[in-house]
Amino acid sequence: MNPVDRIQELTQQINHYNEQYYQNETSEISDQEFDFMLKELEELEAKHPELKLSDSPTHRVGGTITKDFATVEHTYPMLSLSNTYSEEELREWDERVKKGLLDAPYEYVCEIKFDGISLSMTYENGYLVRGVTRGDGTKGDDITANVKTIRSLPLKVINTETFEIRGEGFMPNTEFEKINAQLLEDGKATLANPRNAASGTFKMQDSSVVASRNLDCYVYQFLSESDTYKTHSESLEGLKSLGFNVSDSSRLVTNIDEAIAYIHEWDQKRHTLPCATDGIVIKVNSYAQREDLGFTSKSPRWAIAYKYKAENKSTKLLGVTYQVGRTGAVTPVAELKPVSLSMTTVRRATLHNADEMERLGLVIGDSVFVEKAGEIIPKITGVDHSQRQGELFPETIKFVTNCPACNTPLKRTEGEAAWYCPNEKTCPPQVSGRIEHFIQRKALDIDSLGQGKIEILIENGLVKDPADLYQLTYDKLLGLEKVHTDEVTGKSRKVSFKEKTVENILKGIESSKNQPFEMVLFGLGIRFVGQTTADKLASYFKNIDALSIATEEQLLQVPDVGGKVAQSIVAYFADEENVQMVAKLKAAGLQLETIERETVSEGNALEGLLLLYTGTFKNYARQELEDKIASNGGKLVSGVSKKLNYLIVGEGAGPSKLAKAEKLGVQMISEEEFEELLTS
Ligand code: IVH
């Protein structure tokens, strides 16, 4: 038989036996026969890699090595859920749903909120063709090879339309414990918790290691262009019959009381599930009703997450250490006697700042209460004074006076909680933190560099600020190396710069020159200038030169820029070294101005009018709305004043703007009314 036919035959047969084994728990052939067939297929595929089928069972054992994950745009954005810890707020949400649906009857589906990493899988012509991480919600990493190792995820289905499946990828608790036991035996650092272990594993480059970790995925959403299903509960049934792993824990209910009963029922029971959980999701069942309710800018109005309150335990305080962040802020960290909290072992907890430390009045050896906030970062919530032994008025731990990394005396600005290390330029964690901030996806997006590689560059004196990245050359990089220990997984690995690595780094740096001005501005890491502020500054000042000479008063004209932000920007550009760094970035060819769009005149309906908008809109992105105003002769202003003719109010409008407009009697209009203005 020729290899084409034999590969096809083996693929089909092995898939059939797998299905019998995993879904119907029957073995039609012996293990040995099965292994022989699999081996034959592996060998044939190795000889003819181009013949490997998309649903080959060998995908389950991995083998593909992905150097850099490609970034893929999501067809449907991956939104988040609004969440609450209170039953009262759930009832308020229910009232809003009822009102939004004009008192028509409705049902909810209650589901467990699984705590892993969200995944999006695309099927085309019946085959699983892509698996992507959530990323920033609009685009994520293509981790198809890794996703294909999930045995409960069908590689082939009978439905041939193009559709997407959303689900939560996770590491089963039993698998997590097994891996940790092995790591411990090997004398290696253990994995922190199942969630981090899953997210670390899904991002591994060698899919055969991923396969060995037996990841799993619960599926909870079906998306396609056709009306395959009318309700969510139907879609879950449909997914189940297509062979997907849909948790049996979901329940259809007819009112909020039943949903709350479900929450109570699963409060403890959820710990028996194979996956970490952090709450319950309540979703409107009917798709038509979901459409009526719509979305806010971030999340659907038809769903809400109820989060269980964090578990709280007491343990012994062994000491306090300090961490220095990118901006020099020093965070105290409590070192604790290990304690098990919500399935993970907690050894450290944040103490936030000096005030919090003082409030707690800690003494070494104290019994402290530890809680997991949002089940991720543990924190100390109090001291159990009844357990304190020894002196009546013992010496409490005092916040450090000097930087733990570079020994510079710390400073604190009046009114601020954090102590800062003022040695911005040479304090090691500040230098590396600034570069890590600069390269992140939301900024210059140089994903061929990471913490480990940056450490190497700094240690070799090649980089001390982001502009130095643009002076790197092939010869300077080739051959550099270091042993790096991953903070999350605790795994040590040698990072070394071989030809391909160097090429990728240089390629990443080169393409970062195309990142738009607002992302570069965010990447500079000016204190208090987050992504949204950077966007606003960029569209207001248009280029870095104008921004760098702006006075506090001018900066305060920019929407949402307050005194603290304005002062920080002025201080940044008053520093000659920063100015020089920016000049170097400019010389390197980075985008330091917004690309001017030509205003095409559409009409003069807004001639002579001053307009401002707040919130987000259904039919326009921010820039589109601004263009629309300009091309119809209107003028966009930066703040609410008496002179303002219209405030266009969108979803999630700023309450202070609304209040001011109300007070000054400025007319507020909706997106629809704005569109009517254009045609009037
Ligand atoms: S539905 C529009 N259902 O929670 C969002 N999400 O905060 C639709 N998650 O990114 C998501 N279990 O990773 C949904 N049963 C469940 C879930 C669930 C866990 C995660 C998911 C999502 C995040 C939203």
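The values are calculated or read from the model by the stated rules, or taken from the named source; none is laboratory data. If you're wondering where the values come from, they're calculated on a predicted model, not measured in any experiment. Cβ: placed from backbone, ideal geometry, glycine included. Neighbour counts: every protein chain shown. These area figures cover heavy atoms from the full protein model, side chains too; ligands, DNA and RNA do not enter into them. Shrake-Rupley method; radii C 1.70, N 1.55, O 1.52, S 1.80 Å.
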Mind listing whichever residues of the stretch 319-329 are crowded, with 16+ Cβ neighbours inside 10 Å and not in a loop (DSSP other than H, G, I, E, B)? VAL320, TYR322, VAL324, ALA329
Being within 12 Å of the ligand (Cβ to nearest atom), within 24 Å of TRP93 (Cα to Cα) and assigned to a loop (DSSP other than H, G, I, E, B) narrows it down to one residue among LYS298, LYS309; which is it? LYS298
Taking the condition of a type in the set (A, V, I, L, M, F, W, C), open to solvent by less than 10 Å² (accessible area, probe 1.4 Å) and modelled with pLDDT of 95 or more, does PHE497 pass? no
Residues of the stretch 618-656 being closer than 24 Å to PRO300 by Cα and among the basic types (Lys, Arg), which ones? LYS618, ARG622
When you look at PRO332, is it in contact with a Leu (Cβ under 8 Å, 6 or more places away or on another chain), part of a strand (DSSP E or B), of a type outside the set (Phe, Trp, Tyr) and at pLDDT 90 or above, yes or no? yes
Considering only residues that are modelled with pLDDT of 85 or more and open to solvent by less than 40 Å² (accessible area, probe 1.4 Å), which ones fall in the stretch 651-680? ALA661, VAL666, ILE669, SER670, GLU671, PHE674, LEU677, LEU678
In the stretch 488-606, which helices (runs of 4 or more DSSP H) lie fully inside it and hold 3 or more residues that are of a type in the set (S, T, N, Q)? 499-511, 531-541
Go through (1) surrounded by 16 or more Cβ atoms within 10 Å (Cβ to Cβ); (2) more than 31 Å from the chain's Cα centre (by Cα) one by one and return the number of the condition VAL582 breaks. (2)
Would you say ALA303 is within 10 Å of the ligand (Cβ to nearest atom), among the aliphatic types (A, V, I, L, M), crowded, with 20+ Cβ neighbours inside 10 Å and at pLDDT 95 or above? yes
Within the stretch 428-472, take every residue that is of a type in the set (S, T, N, Q) and farther than 15 Å from SER511 by Cα and give me the one that is surrounded by the fewest Cβ atoms within 10 Å (Cβ to Cβ). ASN460
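Table: residues versus (1) at pLDDT below 95; (2) more than 14 Å from GLY167 (Cα to Cα); (3) aromatic (Phe, Trp, Tyr).
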position: GLN205; (1), (2), (3): yes, yes, no
position: ARG213; (1), (2), (3): yes, yes, no
position: ASP227; (1), (2), (3): yes, yes, no
position: THR231; (1), (2), (3): no, yes, no
position: GLU258; (1), (2), (3): no, yes, no
position: TYR262; (1), (2), (3): no, yes, yes
position: LYS269; (1), (2), (3): yes, yes, no
Members of the stretch 537-589 found to be touching an Asp or Glu at 6+ places or on another chain (Cβ under 7 Å), among the hydrophobic types (A, V, I, L, M, F, W, C), without any contact (Cβ under 8 Å) to a residue 40 or more places away in the chain and over 20 Å from SER656 (Cα atoms), listed by number: VAL570
Can you name every residue in the stretch 392-447 that is without any contact (Cβ under 8 Å) to a residue 24 or more places away in the chain, over 32 Å from the mean Cα position of the chain (by Cα) and part of a loop (DSSP other than H, G, I, E, B)? LEU392, PHE393, LYS398, THR401, ASN407, THR408, GLU414
Could we say that ARG290 is closer than 30 Å to GLY650 by Cβ, in contact with a Ser or Thr (Cβ under 9 Å, 6 or more places away or on another chain) and within 15 Å of the ligand (Cβ to nearest atom) here? no
Residues of the stretch 255-283 being of a type in the set (A, V, I, L, M) and within 30 Å of PRO194 (Cα to Cα), in sequence order, are ALA259, ILE260, ALA261, ILE263, LEU273, ALA276, ILE280, VAL281, ILE282
Residue list for the stretch 77-92, restricted to those being open to solvent by 70 Å² or more (accessible area, probe 1.4 Å) and either within 12 Å of the ligand (Cβ to nearest atom) or in contact with a Leu (Cβ under 6 Å, 6 or more places away or on another chain) (or both): PRO77, LEU79, ASN83
Subset of the stretch 125-134 that is open to solvent by less than 50 Å² (accessible area, probe 1.4 Å) and farther than 16 Å from THR64 by Cβ - its residue that is farthest from the ligand (Cβ to nearest atom): GLY126
Suppose we filter ASP141, ASP115 for residues that are within 12 Å of the ligand (Cβ to nearest atom) and open to solvent by 20 Å² or more (accessible area, probe 1.4 Å); which single one remains? ASP115
Of the conditions (1) more than 16 Å from the ligand (Cβ to nearest atom); (2) assigned to a loop (DSSP other than H, G, I, E, B), the single one that ASN146 does not satisfy is (2)
Restricting the stretch 94-112 to residues that are buried (at least 18 other Cβ atoms within 10 Å of the Cβ) and part of a helix (DSSP H, G or I), the one farthest from the ligand (Cβ to nearest atom) turns out to be ASP94
Would you confirm, using the coordinates I've provided, whether ARG60 is touching a residue at least 24 places away in the same chain (Cβ under 8 Å), open to solvent by less than 50 Å² (accessible area, probe 1.4 Å) and more than 16 Å from the ligand (Cβ to nearest atom)? yes
Testing GLU73 on (1) acidic (Asp, Glu); (2) surrounded by fewer than 17 Cβ atoms within 10 Å (Cβ to Cβ); (3) under 16 Å from the mean Cα position of the chain (by Cα); (4) within 16 Å of the ligand (Cβ to nearest atom), one condition comes back false. Which one is that? (4)
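Matching residues to (1) closer than 23 Å to ASN173 by Cβ; (2) outside any loop (DSSP other than H, G, I, E, B); (3) free of Cβ contacts under 8 Å to residues at least 24 places away in the same chain; (4) within 14 Å of the ligand (Cβ to nearest atom):
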site	(1), (2), (3), (4)
GLU234	no, yes, yes, no
SER241	no, yes, yes, no
VAL246	yes, no, no, yes
ASP257	no, yes, yes, no
ILE263	yes, yes, no, yes
TRP266	yes, yes, no, yes
ARG270	yes, yes, no, yes
CYS275	yes, no, no, yes
ILE280	yes, yes, no, yes
Per the filter on the stretch 210-228, residues part of a loop (DSSP other than H, G, I, E, B) and within 15 Å of the ligand (Cβ to nearest atom) are LEU215
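Residues are listed down the side, and each one gets a yes or a no for (1) more than 16 Å from the ligand (Cβ to nearest atom); (2) open to solvent by 10 Å² or more (accessible area, probe 1.4 Å); (3) in a helix (DSSP H, G or I):
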{"position": "SER120", "(1), (2), (3)": "no, no, no"}
{"position": "TYR123", "(1), (2), (3)": "yes, no, no"}
{"position": "ASP136", "(1), (2), (3)": "no, yes, no"}
{"position": "SER152", "(1), (2), (3)": "no, yes, no"}
{"position": "GLN182", "(1), (2), (3)": "yes, yes, yes"}
{"position": "ALA198", "(1), (2), (3)": "no, no, yes"}
{"position": "MET204", "(1), (2), (3)": "yes, yes, no"}
